[in-house]
Amino acid sequence: MIKYSIAVVGLGYVGLPLAVEFGKKYPTLGFDINTARLAELQQGYDKTLEVNDQDIADAKHLYYSSLLDDLKVCNVFIVTVPTPINEHKQPDLSSLIQASQMIGKVLKQGDIVIYESTVYPGATEEICVPELEKLSSLKFNQDFFCGYSPERINPGDKEHSVTTIQKVTSGSTPEVAEIVDQLYRSIITAGTHKASSIRVAEAAKVIENTQRDVNIGLVNELAVIFNKLGIDTEEVLKAAGTKWNFLPFRPGLVGGHCIGVDPYYLTHKAQAVGYHPEIILAGRRLNDGMGVYVASQLVKAMLQKRIYIVGARVLLMGLTFKENCKDLRNTKVVDIVRELQNYGLQVDCYDPWVNSPEAEREYGLTPITAPEAGEYDAIIMAVAHKQFAELGVKHIRTLGKPTHVLYDLKYILPADASDLRL
(Lines give C-alpha, C1' and ligand atoms only; values in the text may rest on other atoms or scores of the structure.)
Protein backbone atom coordinates (compact mmCIF):
# COMPACT_ATOMS: atom_id res chain seq x y z
CA MET A 1 0.00 0.00 0.00
CA ILE A 2 1.31 3.44 -0.97
CA LYS A 3 2.07 5.86 1.84
CA TYR A 4 0.87 9.14 0.39
CA SER A 5 2.65 12.37 1.14
CA ILE A 6 0.69 14.94 -0.85
CA ALA A 7 1.51 18.45 -2.05
CA VAL A 8 -1.27 20.68 -3.34
CA VAL A 9 0.36 23.42 -5.40
CA GLY A 10 -1.79 26.56 -5.48
CA LEU A 11 -4.18 27.40 -2.62
CA GLY A 12 -6.93 29.33 -4.34
CA TYR A 13 -10.61 28.48 -4.80
CA VAL A 14 -9.68 25.01 -6.11
CA GLY A 15 -6.55 24.08 -4.19
CA LEU A 16 -7.48 24.99 -0.63
CA PRO A 17 -10.69 22.91 -0.33
CA LEU A 18 -8.79 19.96 -1.82
CA ALA A 19 -5.79 20.40 0.50
CA VAL A 20 -8.10 20.60 3.53
CA GLU A 21 -9.86 17.34 2.64
CA PHE A 22 -6.61 15.50 1.96
CA GLY A 23 -5.15 17.02 5.12
CA LYS A 24 -7.82 15.30 7.18
CA LYS A 25 -6.41 11.89 6.14
CA TYR A 26 -2.87 12.22 4.79
CA PRO A 27 0.29 14.27 5.36
CA THR A 28 -0.45 17.20 3.06
CA LEU A 29 1.58 20.25 2.15
CA GLY A 30 -0.42 23.26 1.03
CA PHE A 31 2.06 25.08 -1.21
CA ASP A 32 1.68 28.63 -2.48
CA ILE A 33 4.12 31.37 -3.46
CA ASN A 34 1.80 33.98 -1.91
CA THR A 35 3.18 34.27 1.62
CA ALA A 36 0.36 36.60 2.72
CA ARG A 37 -2.14 33.89 1.75
CA LEU A 38 -0.17 31.32 3.75
CA ALA A 39 -0.05 33.57 6.82
CA GLU A 40 -3.83 33.95 6.73
CA LEU A 41 -4.35 30.18 6.40
CA GLN A 42 -1.93 29.48 9.23
CA GLN A 43 -4.20 31.62 11.38
CA GLY A 44 -7.06 29.30 10.39
CA TYR A 45 -8.97 31.73 8.15
CA ASP A 46 -9.81 31.59 4.44
CA LYS A 47 -10.60 35.02 2.97
CA THR A 48 -12.35 33.45 -0.04
CA LEU A 49 -14.88 31.89 2.37
CA GLU A 50 -14.76 28.62 0.42
CA VAL A 51 -13.56 26.73 3.49
CA ASN A 52 -14.80 27.46 7.00
CA ASP A 53 -12.57 27.79 10.05
CA GLN A 54 -13.68 24.46 11.51
CA ASP A 55 -12.75 22.50 8.39
CA ILE A 56 -9.32 24.12 8.36
CA ALA A 57 -8.90 23.18 12.02
CA ASP A 58 -10.00 19.60 11.28
CA ALA A 59 -7.24 19.17 8.69
CA LYS A 60 -4.79 17.96 11.31
CA HIS A 61 -2.21 16.70 8.80
CA LEU A 62 -2.17 19.87 6.66
CA TYR A 63 0.75 22.27 6.84
CA TYR A 64 1.74 25.22 4.65
CA SER A 65 4.89 26.41 2.94
CA SER A 66 6.28 28.50 0.11
CA LEU A 67 9.74 26.85 0.24
CA LEU A 68 10.78 24.56 -2.60
CA ASP A 69 12.77 22.29 -0.28
CA ASP A 70 9.61 21.39 1.63
CA LEU A 71 8.21 19.76 -1.53
CA LYS A 72 11.00 17.18 -1.57
CA VAL A 73 9.31 14.89 0.98
CA CYS A 74 6.15 14.58 -1.15
CA ASN A 75 5.44 11.78 -3.61
CA VAL A 76 2.13 13.03 -5.04
CA PHE A 77 1.92 16.56 -6.44
CA ILE A 78 -1.50 18.03 -7.29
CA VAL A 79 -1.38 21.19 -9.40
CA THR A 80 -4.29 23.61 -8.98
CA VAL A 81 -2.92 26.85 -10.40
CA PRO A 82 -5.07 29.20 -12.52
CA THR A 83 -5.22 28.82 -16.31
CA PRO A 84 -6.76 32.07 -17.61
CA ILE A 85 -6.77 33.57 -21.09
CA ASN A 86 -4.72 36.54 -22.25
CA GLU A 87 -5.89 39.78 -23.85
CA HIS A 88 -6.06 38.00 -27.23
CA LYS A 89 -8.33 35.30 -25.75
CA GLN A 90 -5.60 32.70 -26.07
CA PRO A 91 -4.74 30.19 -23.30
CA ASP A 92 -2.29 31.54 -20.74
CA LEU A 93 -0.42 28.50 -19.44
CA SER A 94 2.39 30.45 -17.77
CA SER A 95 1.41 29.49 -14.18
CA LEU A 96 1.00 25.86 -15.20
CA ILE A 97 4.43 25.80 -16.85
CA GLN A 98 6.06 27.50 -13.85
CA ALA A 99 4.45 25.00 -11.46
CA SER A 100 5.67 22.11 -13.63
CA GLN A 101 9.20 23.52 -13.70
CA MET A 102 9.19 23.92 -9.93
CA ILE A 103 7.96 20.37 -9.34
CA GLY A 104 10.50 19.09 -11.87
CA LYS A 105 13.28 20.33 -9.60
CA VAL A 106 12.15 18.07 -6.74
CA LEU A 107 10.69 15.13 -8.68
CA LYS A 108 11.88 11.66 -7.63
CA GLN A 109 11.66 8.11 -8.89
CA GLY A 110 8.07 6.83 -8.64
CA ASP A 111 6.45 10.22 -7.98
CA ILE A 112 3.04 11.10 -9.47
CA VAL A 113 2.05 14.58 -10.69
CA ILE A 114 -1.71 15.18 -11.01
CA TYR A 115 -3.07 18.24 -12.78
CA GLU A 116 -6.46 19.76 -11.93
CA SER A 117 -6.17 23.06 -13.82
CA THR A 118 -8.41 23.44 -16.87
CA VAL A 119 -6.51 22.85 -20.11
CA TYR A 120 -7.23 21.76 -23.69
CA PRO A 121 -6.99 18.06 -24.62
CA GLY A 122 -3.34 17.05 -24.83
CA ALA A 123 -1.87 19.89 -22.76
CA THR A 124 -0.74 17.73 -19.82
CA GLU A 125 1.38 15.45 -21.98
CA GLU A 126 2.39 18.04 -24.59
CA ILE A 127 3.15 21.04 -22.35
CA CYS A 128 3.63 19.90 -18.75
CA VAL A 129 5.40 16.55 -19.11
CA PRO A 130 8.33 17.96 -21.16
CA GLU A 131 8.96 20.54 -18.41
CA LEU A 132 8.92 17.82 -15.76
CA GLU A 133 11.34 15.67 -17.77
CA LYS A 134 13.67 18.56 -18.55
CA LEU A 135 14.00 19.81 -14.98
CA SER A 136 14.16 16.38 -13.31
CA SER A 137 16.21 14.46 -15.90
CA LEU A 138 13.70 11.64 -15.35
CA LYS A 139 11.73 9.76 -17.99
CA PHE A 140 7.93 9.98 -18.18
CA ASN A 141 6.05 6.72 -17.52
CA GLN A 142 9.28 5.06 -16.53
CA ASP A 143 10.63 7.14 -13.64
CA PHE A 144 7.61 9.32 -12.87
CA PHE A 145 3.93 9.37 -13.83
CA CYS A 146 1.08 11.82 -14.35
CA GLY A 147 -2.65 12.03 -13.82
CA TYR A 148 -5.39 14.49 -14.64
CA SER A 149 -8.46 15.04 -12.46
CA PRO A 150 -10.30 18.20 -13.49
CA GLU A 151 -11.51 20.54 -10.78
CA ARG A 152 -15.26 20.98 -10.45
CA ILE A 153 -15.36 23.66 -7.76
CA ASN A 154 -18.32 26.04 -7.95
CA PRO A 155 -17.32 29.17 -5.97
CA GLY A 156 -19.88 30.22 -3.38
CA ASP A 157 -21.82 26.94 -3.64
CA LYS A 158 -22.07 25.33 -0.19
CA GLU A 159 -24.27 22.48 -1.37
CA HIS A 160 -21.90 21.18 -4.06
CA SER A 161 -18.51 20.99 -2.34
CA VAL A 162 -15.32 19.20 -3.34
CA THR A 163 -16.36 15.95 -1.65
CA THR A 164 -19.97 15.91 -2.87
CA ILE A 165 -19.24 16.36 -6.59
CA GLN A 166 -18.32 13.21 -8.51
CA LYS A 167 -14.68 13.39 -9.60
CA VAL A 168 -13.29 12.44 -12.99
CA THR A 169 -9.85 10.81 -12.70
CA SER A 170 -7.21 9.51 -15.10
CA GLY A 171 -3.60 8.39 -15.23
CA SER A 172 -0.76 8.07 -17.71
CA THR A 173 -0.75 4.25 -17.36
CA PRO A 174 -3.57 1.88 -16.34
CA GLU A 175 -1.81 1.17 -13.04
CA VAL A 176 -1.35 4.85 -12.23
CA ALA A 177 -4.94 5.60 -13.29
CA GLU A 178 -6.09 3.14 -10.62
CA ILE A 179 -3.81 4.71 -7.98
CA VAL A 180 -5.09 8.20 -8.80
CA ASP A 181 -8.68 6.98 -8.74
CA GLN A 182 -8.25 5.27 -5.37
CA LEU A 183 -6.59 8.36 -3.90
CA TYR A 184 -9.50 10.62 -4.84
CA ARG A 185 -12.08 7.98 -3.95
CA SER A 186 -10.73 8.05 -0.40
CA ILE A 187 -12.02 11.62 0.10
CA ILE A 188 -14.79 12.07 -2.50
CA THR A 189 -18.05 10.79 -0.99
CA ALA A 190 -19.87 11.25 -4.33
CA GLY A 191 -17.54 8.74 -5.97
CA THR A 192 -15.26 8.91 -9.00
CA HIS A 193 -15.35 8.24 -12.74
CA LYS A 194 -12.12 6.82 -14.12
CA ALA A 195 -11.56 8.05 -17.68
CA SER A 196 -9.69 5.88 -20.18
CA SER A 197 -6.95 8.47 -20.72
CA ILE A 198 -5.67 11.85 -19.63
CA ARG A 199 -6.83 13.37 -22.94
CA VAL A 200 -10.40 12.12 -22.37
CA ALA A 201 -10.43 13.65 -18.86
CA GLU A 202 -9.07 16.96 -20.20
CA ALA A 203 -11.71 17.03 -22.94
CA ALA A 204 -14.50 16.19 -20.49
CA LYS A 205 -13.57 19.16 -18.34
CA VAL A 206 -13.34 21.68 -21.12
CA ILE A 207 -16.75 20.75 -22.61
CA GLU A 208 -18.62 20.94 -19.28
CA ASN A 209 -18.45 24.71 -19.27
CA THR A 210 -18.49 25.08 -23.05
CA GLN A 211 -21.90 23.40 -23.08
CA ARG A 212 -23.19 25.81 -20.42
CA ASP A 213 -21.71 28.78 -22.28
CA VAL A 214 -23.47 27.87 -25.53
CA ASN A 215 -26.78 27.32 -23.77
CA ILE A 216 -26.57 30.66 -21.95
CA GLY A 217 -25.59 32.30 -25.24
CA LEU A 218 -28.78 30.97 -26.81
CA VAL A 219 -30.92 32.29 -23.96
CA ASN A 220 -29.15 35.66 -24.10
CA GLU A 221 -30.00 35.91 -27.79
CA LEU A 222 -33.60 34.99 -27.03
CA ALA A 223 -33.69 37.72 -24.37
CA VAL A 224 -32.58 40.30 -26.96
CA ILE A 225 -35.29 39.11 -29.36
CA PHE A 226 -38.01 39.09 -26.71
CA ASN A 227 -36.95 42.56 -25.59
CA LYS A 228 -37.54 43.83 -29.12
CA LEU A 229 -40.93 42.08 -29.17
CA GLY A 230 -41.92 43.56 -25.81
CA ILE A 231 -42.20 40.13 -24.16
CA ASP A 232 -40.92 39.37 -20.66
CA THR A 233 -38.13 36.78 -20.99
CA GLU A 234 -38.64 35.24 -17.57
CA GLU A 235 -42.32 34.64 -18.28
CA VAL A 236 -41.41 32.90 -21.53
CA LEU A 237 -38.81 30.71 -19.82
CA LYS A 238 -41.22 29.77 -17.04
CA ALA A 239 -43.86 28.78 -19.59
CA ALA A 240 -41.39 26.78 -21.68
CA GLY A 241 -40.00 25.20 -18.51
CA THR A 242 -43.25 23.32 -17.95
CA LYS A 243 -42.03 20.84 -20.60
CA TRP A 244 -40.10 18.03 -18.92
CA ASN A 245 -36.99 18.26 -21.11
CA PHE A 246 -36.63 22.05 -21.38
CA LEU A 247 -33.25 23.11 -19.95
CA PRO A 248 -33.51 25.76 -17.18
CA PHE A 249 -30.92 28.30 -18.34
CA ARG A 250 -31.32 32.03 -17.67
CA PRO A 251 -29.90 35.05 -19.50
CA GLY A 252 -27.12 37.10 -17.96
CA LEU A 253 -23.48 38.04 -17.82
CA VAL A 254 -21.08 35.12 -18.30
CA GLY A 255 -17.87 35.72 -16.38
CA GLY A 256 -15.74 33.89 -13.87
CA HIS A 257 -12.76 31.61 -14.24
CA CYS A 258 -14.58 28.76 -16.03
CA ILE A 259 -17.60 29.36 -18.27
CA GLY A 260 -16.22 32.51 -19.88
CA VAL A 261 -12.73 31.02 -20.29
CA ASP A 262 -12.86 27.28 -20.99
CA PRO A 263 -14.43 27.53 -24.48
CA TYR A 264 -11.37 29.47 -25.65
CA TYR A 265 -9.14 26.57 -24.61
CA LEU A 266 -11.15 24.17 -26.73
CA THR A 267 -11.32 26.51 -29.73
CA HIS A 268 -7.56 27.10 -29.49
CA LYS A 269 -6.90 23.38 -29.81
CA ALA A 270 -9.53 22.96 -32.52
CA GLN A 271 -7.93 25.71 -34.61
CA ALA A 272 -4.50 24.16 -34.05
CA VAL A 273 -5.73 20.98 -35.77
CA GLY A 274 -7.36 22.90 -38.62
CA TYR A 275 -10.98 23.26 -37.53
CA HIS A 276 -12.71 26.59 -36.95
CA PRO A 277 -15.53 26.17 -34.39
CA GLU A 278 -18.76 27.91 -35.34
CA ILE A 279 -21.30 27.37 -32.57
CA ILE A 280 -18.82 27.66 -29.69
CA LEU A 281 -17.43 30.99 -30.88
CA ALA A 282 -20.90 32.32 -31.72
CA GLY A 283 -21.93 31.66 -28.11
CA ARG A 284 -18.79 33.41 -26.88
CA ARG A 285 -19.45 36.49 -29.04
CA LEU A 286 -23.01 36.75 -27.75
CA ASN A 287 -22.04 36.37 -24.12
CA ASP A 288 -19.05 38.69 -24.36
CA GLY A 289 -21.33 41.37 -25.83
CA MET A 290 -23.96 41.35 -23.08
CA GLY A 291 -22.32 44.06 -20.98
CA VAL A 292 -22.46 46.50 -23.89
CA TYR A 293 -26.06 45.47 -24.62
CA VAL A 294 -27.13 46.09 -21.00
CA ALA A 295 -25.50 49.53 -20.99
CA SER A 296 -27.21 50.54 -24.24
CA GLN A 297 -30.60 49.39 -22.95
CA LEU A 298 -30.15 51.42 -19.78
CA VAL A 299 -29.17 54.56 -21.69
CA LYS A 300 -32.24 54.24 -23.96
CA ALA A 301 -34.51 53.85 -20.95
CA MET A 302 -32.96 56.92 -19.31
CA LEU A 303 -33.46 59.00 -22.46
CA GLN A 304 -37.09 57.91 -22.63
CA LYS A 305 -37.50 59.36 -19.12
CA ARG A 306 -35.73 62.55 -20.27
CA ILE A 307 -32.76 61.99 -17.97
CA TYR A 308 -29.71 63.86 -19.20
CA ILE A 309 -27.01 61.25 -19.81
CA VAL A 310 -23.66 63.05 -19.53
CA GLY A 311 -22.75 63.27 -15.86
CA ALA A 312 -25.75 61.21 -14.71
CA ARG A 313 -25.07 58.92 -11.77
CA VAL A 314 -25.57 55.16 -11.93
CA LEU A 315 -25.48 52.75 -8.99
CA LEU A 316 -24.25 49.31 -9.99
CA MET A 317 -25.25 46.79 -7.33
CA GLY A 318 -22.85 43.86 -7.51
CA LEU A 319 -19.36 43.50 -8.94
CA THR A 320 -18.40 39.85 -8.41
CA PHE A 321 -18.88 37.38 -11.24
CA LYS A 322 -21.72 35.57 -9.42
CA GLU A 323 -23.96 35.86 -6.39
CA ASN A 324 -22.92 35.28 -2.77
CA CYS A 325 -19.28 34.91 -3.70
CA LYS A 326 -16.17 37.08 -3.32
CA ASP A 327 -14.64 36.00 -6.65
CA LEU A 328 -13.88 38.92 -8.98
CA ARG A 329 -12.05 36.94 -11.65
CA ASN A 330 -13.19 37.79 -15.16
CA THR A 331 -16.33 39.52 -13.92
CA LYS A 332 -18.37 40.87 -16.84
CA VAL A 333 -19.99 43.52 -14.64
CA VAL A 334 -16.88 45.53 -15.46
CA ASP A 335 -17.96 45.58 -19.12
CA ILE A 336 -21.12 47.46 -18.07
CA VAL A 337 -19.06 49.93 -16.05
CA ARG A 338 -16.71 50.67 -18.95
CA GLU A 339 -19.50 51.09 -21.47
CA LEU A 340 -21.50 53.41 -19.22
CA GLN A 341 -18.37 55.48 -18.63
CA ASN A 342 -17.97 55.73 -22.40
CA TYR A 343 -21.42 57.33 -22.50
CA GLY A 344 -20.23 59.89 -19.96
CA LEU A 345 -22.07 58.51 -16.95
CA GLN A 346 -20.62 58.38 -13.43
CA VAL A 347 -20.77 54.85 -12.04
CA ASP A 348 -20.67 53.85 -8.37
CA CYS A 349 -20.10 50.15 -7.67
CA TYR A 350 -21.54 48.71 -4.48
CA ASP A 351 -20.83 45.13 -3.43
CA PRO A 352 -20.66 43.98 0.22
CA TRP A 353 -18.78 40.83 -0.85
CA VAL A 354 -15.91 42.59 -2.59
CA ASN A 355 -12.45 43.22 -1.24
CA SER A 356 -11.80 46.87 -2.21
CA PRO A 357 -8.01 46.62 -2.67
CA GLU A 358 -8.53 43.65 -4.98
CA ALA A 359 -11.08 45.55 -7.09
CA GLU A 360 -8.70 48.48 -7.32
CA ARG A 361 -5.78 46.25 -8.26
CA GLU A 362 -7.66 44.19 -10.85
CA TYR A 363 -9.93 46.77 -12.45
CA GLY A 364 -9.00 50.21 -11.15
CA LEU A 365 -12.40 50.47 -9.45
CA THR A 366 -13.01 51.64 -5.88
CA PRO A 367 -16.35 50.28 -4.63
CA ILE A 368 -18.37 52.54 -2.35
CA THR A 369 -19.03 51.37 1.21
CA ALA A 370 -22.75 52.20 1.10
CA PRO A 371 -25.04 54.02 -1.36
CA GLU A 372 -26.79 57.21 -0.27
CA ALA A 373 -30.52 57.70 -0.70
CA GLY A 374 -31.84 59.87 -3.50
CA GLU A 375 -28.54 60.14 -5.38
CA TYR A 376 -28.91 58.06 -8.53
CA ASP A 377 -30.43 58.53 -11.97
CA ALA A 378 -30.26 54.80 -12.59
CA ILE A 379 -29.76 51.60 -10.57
CA ILE A 380 -28.64 48.28 -12.01
CA MET A 381 -29.16 45.07 -10.03
CA ALA A 382 -26.21 43.27 -11.60
CA VAL A 383 -25.54 40.42 -9.15
CA ALA A 384 -28.14 38.49 -7.13
CA HIS A 385 -26.45 38.72 -3.73
CA LYS A 386 -28.75 37.68 -0.88
CA GLN A 387 -28.22 41.09 0.75
CA PHE A 388 -29.78 42.82 -2.27
CA ALA A 389 -32.81 40.53 -2.29
CA GLU A 390 -33.30 41.21 1.42
CA LEU A 391 -33.34 44.99 0.85
CA GLY A 392 -36.58 44.82 -1.12
CA VAL A 393 -37.74 47.06 -3.93
CA LYS A 394 -38.96 49.87 -1.64
CA HIS A 395 -35.54 50.43 -0.12
CA ILE A 396 -33.76 50.07 -3.46
CA ARG A 397 -36.07 52.65 -5.04
CA THR A 398 -35.18 55.15 -2.27
CA LEU A 399 -31.61 55.15 -3.57
CA GLY A 400 -32.78 56.75 -6.82
CA LYS A 401 -33.80 60.31 -7.57
CA PRO A 402 -37.53 61.03 -8.00
CA THR A 403 -37.07 60.15 -11.68
CA HIS A 404 -34.77 57.19 -12.23
CA VAL A 405 -34.47 53.83 -14.04
CA LEU A 406 -34.25 50.52 -12.17
CA TYR A 407 -32.77 47.68 -14.26
CA ASP A 408 -33.02 44.17 -12.78
CA LEU A 409 -30.60 41.89 -14.63
CA LYS A 410 -30.98 38.88 -12.34
CA TYR A 411 -34.73 38.73 -11.66
CA ILE A 412 -34.09 39.63 -8.03
CA LEU A 413 -37.29 41.68 -7.78
CA PRO A 414 -40.89 40.89 -8.75
CA ALA A 415 -41.61 41.24 -12.47
CA ASP A 416 -43.50 44.55 -12.11
CA ALA A 417 -41.05 46.13 -9.65
CA SER A 418 -38.38 47.30 -12.10
CA ASP A 419 -38.36 49.41 -15.27
CA LEU A 420 -36.13 47.02 -17.20
CA ARG A 421 -35.32 43.31 -17.05
CA LEU A 422 -32.94 41.28 -19.17
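The values are calculated or read from the model by the stated rules, or taken from the named source; none is laboratory data. These numbers were taken from a predicted model, which means no experiment stands behind them. Every residue, glycine among them, receives a Cβ derived from its backbone with ideal geometry; neighbour counts consider all protein chains shown. Surface areas here come from the heavy atoms of the whole protein model, side chains and all, with no ligands, DNA or RNA. Shrake-Rupley method; radii C 1.70, N 1.55, O 1.52, S 1.80 Å.
By the Stokes-Einstein formula, at 1.002 mPa s and 20 °C, segment 35-122 with its Kirkwood radius over alpha-carbon pairs has D equal to 141 µm²/s.
Solvent-accessible area per residue for the chain at a 1.4 Å probe radius, Å²?
Per-residue accessible area for the chain comes out at 45 Å².
Cα convex hull, segment 187-309: 180 Å³ per residue, rounded to a whole number. Largest first, the three principal axis extents of the alpha carbons in segment 361-401 are 34, 23, 16 Å in whole numbers. FRET efficiency for the His395 to Glu278 pair, using the beta carbon distance and R₀ = 41 Å, is estimated at 0.35.
Extension gain for the segment Glu235 to Arg313, taken as residue separation times 0.36 nm less the Cα-Cα distance, is 25.0 nm to one decimal. Only alpha carbons enter this Debye calculation for segment 225-277, each as an equal point scatterer, and the log10 of I(q)/I(0) it gives at q = 0.23, 0.30 Å⁻¹ is -0.87, -1.07. Per atom type, segment 82-145 shows carbon and sulfur on 49% of its accessible surface, probed at 1.4 Å. If I take all pairs of Cα atoms in segment 237-322, what percentage of them are more than 16 Å from each other? Result for the distance tail: 70 percent. Across the chain, how large is the tail of the calculated P(r) beyond 35 Å, expressed as a percent of all Cα pairs? The calculated P(r) of the chain puts 35 percent of pairs beyond 35 Å. For segment 75-147 versus segment 1-62, the spacing of their alpha-carbon centroids is 20 Å.
Of the solvent-accessible surface of segment 10-71, computed with a 1.4 Å probe over protein heavy atoms with every protein chain present, carbon and sulfur atoms account for 52 percent.
By the Stokes-Einstein formula, at 1.306 mPa s and 10 °C, segment 180-228 with its Kirkwood radius over alpha-carbon pairs has D equal to 117 µm²/s. With a cut-off of 10 Å between beta carbons, the residues surrounding Ile85 carry a summed charge of -2, where Lys and Arg count +1 and Asp and Glu -1. For segment 346-414, dividing the convex hull volume of the Cα atoms by the residue count gives 90 Å³ per residue. The share of Cα pairs per 5 Å bin across segment 324-375, counted from zero up to the longest distance, runs 4, 18, 29, 27, 16, 6, 0 percent. As a ratio to 2.2 N^0.38 Å, the alpha-carbon radius of gyration computed for segment 273-381 takes the value 1.21. Summarising the overall dimensions of segment 133-205 from its C-alpha atoms, the Rg and Dmax are 13.8, 44 angstrom. 3J(HN,Hα) along segment 257-274, derived from phi through the Karplus expression 6.51 cos²θ - 1.76 cosθ + 1.60 where θ = phi - 60°, amounts to 8, 10, 4, x, 10, 3, x, 5, 5, 5, 5, 4, 5, 4, 5, 5, 9, x Hz, with x in place of Gly and Pro. Rounded to 0.05, the FRET efficiency of the Ala39 and Thr189 pair, given R0 = 30 Å and the Cβ-Cβ distance, is 0.45. When +1 charges are put on Lys and Arg Cβ atoms and -1 charges on Asp and Glu Cβ atoms, the dipole computed for the chain relative to its Cα centre reaches about 560 debye. Every helix of 4 or more DSSP H residues in the chain counts as -39500 (n - 2.57), and over all residues that averages to -11500 deg cm²/dmol at 222 nm.
Mind jotting down the distance between the C-alpha centroids of segment 337-403 and segment 186-248, whole Å? Between the Cα centre of segment 186-248 and that of segment 337-403, the gap is 29 Å. Dipole magnitude for segment 200-327: computed about the Cα centre from +1 point charges on Lys and Arg Cβ and -1 point charges on Asp and Glu Cβ, it is near 460 debye. Taking a quarter of the surface of the Cα convex hull of segment 121-264 gives a mean projected area of 11.2 nm². The stretch between Thr366 and Arg250, if pulled fully straight at 0.36 nm per residue, gains 38.8 nm over its current Cα-Cα span. Size descriptor for segment 49-195, Kirkwood hydrodynamic radius: 16.4 Å (Cα pairs only, one decimal). Working ranking of peptides 211-222, 275-286 by packing, defined as the average number of other Cβ atoms within 10 Å per residue, highest first, is 211-222, 275-286. The spread of Cα positions in segment 95-148, taken along each principal axis and listed from longest to shortest, comes to 27, 19, 15 Å. Once backbone amide H atoms are built at 1.01 Å from N, Val113 has Phe77, Phe145, Cys146, Gly147 as its partners under 5 Å, excluding neighbours fewer than 5 places away on the same chain.
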